[in-house]
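Engineer: Quick one: the structure is below, and I'll ask about it shortly.
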Ligand code: SF4
Ligand code: SF4
């Protein structure tokens with residue numbers, strides 16, 4: 001194993017291959033506070049990529065209701081239990097990653113779901129964390145909570161799928177860091193399925209190979225965001241590229257949210273994969289739950305998000321989510337107008353932070369009638 | 001009277017015992033005019049048998065940590081052009097349907113690509129020496145035996161709403177329909193040989209080290225496997241290695257995967273090199 005630096009853990013760690021960063025790294029921010037679990041993203045992906053034989057059960061994108069939802073079943077709990085104590089000292093992770101705790105003879109600490117684990121794609125949907133006892137719904141704040149967690153492959157900087165494959169059939173693209181399974185080279189050993197802690201590689205029994213999210217790379221190559229982004233009803237997603245923390249640029253939307261404002265956090269950073277889908281944590285969820293999912297920065301992130309109203313740049317940038325299908329790699333704010341700029345330098349979208357409000361009187365003297373306002 | 005009974009018992013016991021195959025310390029392909037058609041063919045009764053102890057794959061991660069299949073029994077026959085092997089091993093749990101978390105039974109025969117006094121590394125060859133591998137799988141056998149190429153053949157209770165290639169606008173069997181099906185089967189579209197609908201249950205491969213296994217030139221291979229409660233009996237045929245047939249000898253190795261033990265790829269039981277000769281029947 002080689003020694004590599006994982007900035008999400010604030011330390012070096014062991015990995016199967018030496019550190020080799022792509023020219024740029026595809027990344028995204030998902031705002032969990034806006035997701036309504038409509039599953040439009042799930043279907044957008046399904047109809048585009050996984051409608052074939054052997055792909056019936058595959059959900060490259062899925063949305064689960066936390067705390068109980070999980071696909072495949074208990075994918076998160078099983079590994080969290082296997083990984084034992086996951087200690088942080090400040091922002092430095094002092095526990096072990098899935099690479100460091102690999103058992104003898106293995107490349108990664110992992111487990112392989114059984115076929116029944118894929119049988120309940122939306123288990124726990126809308127289930128609260130606690131029972132709502134008589135009268136509890138009348139009290140505020142509610143003690144019961146749930147939230148929606150939308151998940152795709154994290155196109156990790158240290159992918160466990162890639163390092164699990166003894167054939168080197170999985171690769172990370174130099175141009176954008178997207179992680180792909182070479183469908184010509186794969187022989188269906190399912191080591192990647194076992195190794196990926198997020199369970200985002202799926203075995204296709206009809207072709208005998210493993211398949212995974214491709215971040216819609218044919219779209220990304222044309223500067224367009226993936227299907228699950230542009231179809232998102234809740235406008236919770238923003239795709240772009242992330243820099244290393246020391247190279248963060250304040251005008252790069254992803255850098256700004258992840259590195260500068262630190263409002264968007266990786267999912268289960270303690271696994272050690274340096275995943276590249278970043279989440280704005282839910283603001284109504286117990287702090288310890290958020291910290292288990294998103295690491296020790298979750299408490300601060302929730303505060304920052306709650307205060308976004310007073311932070312014009314942050315509030316403006318949040319308005320850019322779901323406002324254009326183009327990949328926005330730069331943003332600027334002039335007064336109340338936010339501009340999303342593409343790689344080419346062209347403005348992809350220009351939006352006001354406050355939309356004009358029109359108040360229409362109920363009385364319409366011209367037509368001599370009274371209008372009823374229906375929401 | 002007592003002596004007669006004792007004599008009868010001895011005769012019965014002797015008559016009841018079918019003579020087992022001749023056991024040999026190396027793999028011997030006996031020359032024959034008629035090659036067997038299946039692992040149950042009576043032609044196999046004449047062939048000597050080598051009992052190969054299986055070892056753990058312990059060279060590369062993921063390693064095989066648990067000793068599962070203990071031994072593989074190998075017989076071989078050759079007509080001078082082809083060589084046919086019969087591999088049998090104990091495995092009472094039939095695994096011939098692939099799926100998420102489901103591995104399948106398989107076996108393989110490995111021979112150095114070139115006859116040489118110094119064979120390459122026994123575990124998949126090395127930089128200096130290529131090995132040829134003929135690989136058989138139980139799910140391919142099931143496909144050849146008639147199992148259909150649909151998810152319902154693997155999961156009879158599966159319900160599928162619709163596939164894009166079943167759209168009414170696409171004429172069944174037309175090029176446009178096939179193209180649509182290929183779009184949703186990337187491994188097939190790329191010609192990955194392990195992804196296809198199968199015509200035979202074996203595949204010819206080459207390797208020069210662990211992790212380098214790739215499709216090789218045709219060895220005219222064929223195969224057929226039968227599973228009983230005792231386990232698998234699998235027949236694998238391929239071209240006789242070039243230069244072999246007289247007094248020359250080469251090396252041979254075998255590997256066995258048990259699907260029920262989650263064995264696949266590097267997780268396998270395997271042998272070291274075993275000397276391999278062709279011999280004329282006495
Ligand atoms: S999320 Fe899983 S499948 Fe995706 S790159 Fe990371 S390890 Fe691989
Ligand atoms: S489309 Fe957007 S809002 Fe709807 S479930 Fe997916 S991520 Fe959530």
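Engineer: Can you spot a residue in segment A:262-285 that is over 26 Å from residue A:76 (Cα atoms) and either away from ligand 2 (no atom under 16 Å from the Cβ) or in a loop (DSSP other than H, G, I, E, B) (or both)?
Structural biologist: no
Engineer: Filtering segment A:221-240 down to residues that are within 12 Å of ligand 2 (Cβ to nearest atom) and not in a loop (DSSP other than H, G, I, E, B), which residue is farthest from the other protein chains (Cβ to nearest Cβ)?
Structural biologist: A:238
Engineer: Among the residues of segment A:24-45, which ones are within 14 Å of chain B (Cβ to nearest Cβ) and within 7 Å of ligand 2 (Cβ to nearest atom)?
Structural biologist: Of everything in segment A:24-45, nothing turns out to be within 14 Å of chain B (Cβ to nearest Cβ) and within 7 Å of ligand 2 (Cβ to nearest atom).
Engineer: Restricting attention to segment A:64-79, which residues are touching a residue at least 40 places away in the same chain (Cβ under 8 Å) and either within 14 Å of chain B (Cβ to nearest Cβ) or more than 16 Å from ligand 1 (Cβ to nearest atom) (or both)?
Structural biologist: Residues satisfying the conditions are A:65, A:66, A:67, A:68, A:69, A:71, A:72, A:73, A:74, A:75.
Engineer: In addition: Only residues that are closer than 30 Å to residue A:314 by Cα and in contact with a strand residue (DSSP E or B) (Cβ under 6 Å, 6 or more places away or on another chain): list them for segment A:354-375, please.
Structural biologist: Matches in segment A:354-375: none.
Engineer: Restricting segment B:199-223 to residues that are touching a helix residue (DSSP H, G or I) at 6+ places or on another chain (Cβ under 7 Å) and crowded, with 19+ Cβ neighbours inside 10 Å, which is farthest from the other protein chains (Cβ to nearest Cβ)?
Structural biologist: Looking at residues that are touching a helix residue (DSSP H, G or I) at 6+ places or on another chain (Cβ under 7 Å) and crowded, with 19+ Cβ neighbours inside 10 Å, I get B:201.
Engineer: Being without any contact (Cβ under 8 Å) to a residue 12 or more places away in the chain, closer than 23 Å to residue B:144 by Cβ and buried (at least 18 other Cβ atoms within 10 Å of the Cβ) is the filter here, so list the residues in segment B:170-198 that pass it.
Structural biologist: Of everything in segment B:170-198, those that are without any contact (Cβ under 8 Å) to a residue 12 or more places away in the chain, closer than 23 Å to residue B:144 by Cβ and buried (at least 18 other Cβ atoms within 10 Å of the Cβ) turn out to be B:185, B:187, B:188, B:192, B:194, B:195.
Engineer: Further question on the same structure: Mind listing just one residue for me: the one in segment A:1-23 that is part of a loop (DSSP other than H, G, I, E, B) and surrounded by fewer than 16 Cβ atoms within 10 Å (Cβ to Cβ) and, of those, nearest to ligand 2 (Cβ to nearest atom)?
Structural biologist: For segment A:1-23, the residue satisfying everything is A:7.
Engineer: Among residues belonging to segment A:159-180 that are near ligand 1 (Cβ under 9 Å from one of its atoms) and within 23 Å of residue B:268 (Cα to Cα), point out the one that is surrounded by the most Cβ atoms within 10 Å (Cβ to Cβ).
Structural biologist: Here the answer is A:160.
Engineer: Collect the residues in segment A:315-350 that are surrounded by fewer than 19 Cβ atoms within 10 Å (Cβ to Cβ), more than 21 Å from residue A:41 (Cβ to Cβ) and in contact with a helix residue (DSSP H, G or I) (Cβ under 6 Å, 6 or more places away or on another chain), keeping them in residue-number order.
Structural biologist: Those that are surrounded by fewer than 19 Cβ atoms within 10 Å (Cβ to Cβ), more than 21 Å from residue A:41 (Cβ to Cβ) and in contact with a helix residue (DSSP H, G or I) (Cβ under 6 Å, 6 or more places away or on another chain): A:315, A:333.
Engineer: Might you check whether a residue that is away from every other protein chain (no Cβ under 14 Å), buried (at least 19 other Cβ atoms within 10 Å of the Cβ), away from ligand 2 (no atom under 16 Å from the Cβ) and part of a loop (DSSP other than H, G, I, E, B) occurs anywhere in segment A:48-60?
Structural biologist: Among the residues of segment A:48-60, not one is away from every other protein chain (no Cβ under 14 Å), buried (at least 19 other Cβ atoms within 10 Å of the Cβ), away from ligand 2 (no atom under 16 Å from the Cβ) and part of a loop (DSSP other than H, G, I, E, B), which makes the answer no.
Engineer: Select from segment A:289-307 the residues that are in contact with a helix residue (DSSP H, G or I) (Cβ under 6 Å, 6 or more places away or on another chain), crowded, with 18+ Cβ neighbours inside 10 Å and assigned to a helix (DSSP H, G or I) and list them in ascending order.
Structural biologist: A:290, A:298
Engineer: When segment B:231-266 is examined, which residues are found to be under 28 Å from residue A:190 (Cβ atoms), more than 14 Å from chain A (Cβ to nearest Cβ) and part of a loop (DSSP other than H, G, I, E, B)?
Structural biologist: B:258
Engineer: Only one of B:66, B:114, B:102 is closer than 28 Å to residue B:153 by Cβ and either touching a residue at least 40 places away in the same chain (Cβ under 8 Å) or over 16 Å from the mean Cα position of the chain (by Cα) (or both); which?
Structural biologist: B:102
Engineer: Only one residue in A:135, A:177, A:188 is touching a helix residue (DSSP H, G or I) at 6+ places or on another chain (Cβ under 9 Å) and at positive phi. Which one?
Structural biologist: When all the criteria are applied, what remains is A:188.
Engineer: Let me ask you something else. Of all residues in segment A:117-170, which are within 23 Å of residue A:228 (Cα to Cα), within 14 Å of another protein chain (Cβ to nearest Cβ) and not in a loop (DSSP other than H, G, I, E, B)?
Structural biologist: A:118, A:161, A:170
Read-outs throughout are calculated quantities, based only on the coordinates presented, and are distinct from any laboratory measurement. Computed from a predicted structure; not experimentally measured. Cβ: placed from backbone, ideal geometry, glycine included. Neighbour counts: every protein chain shown.
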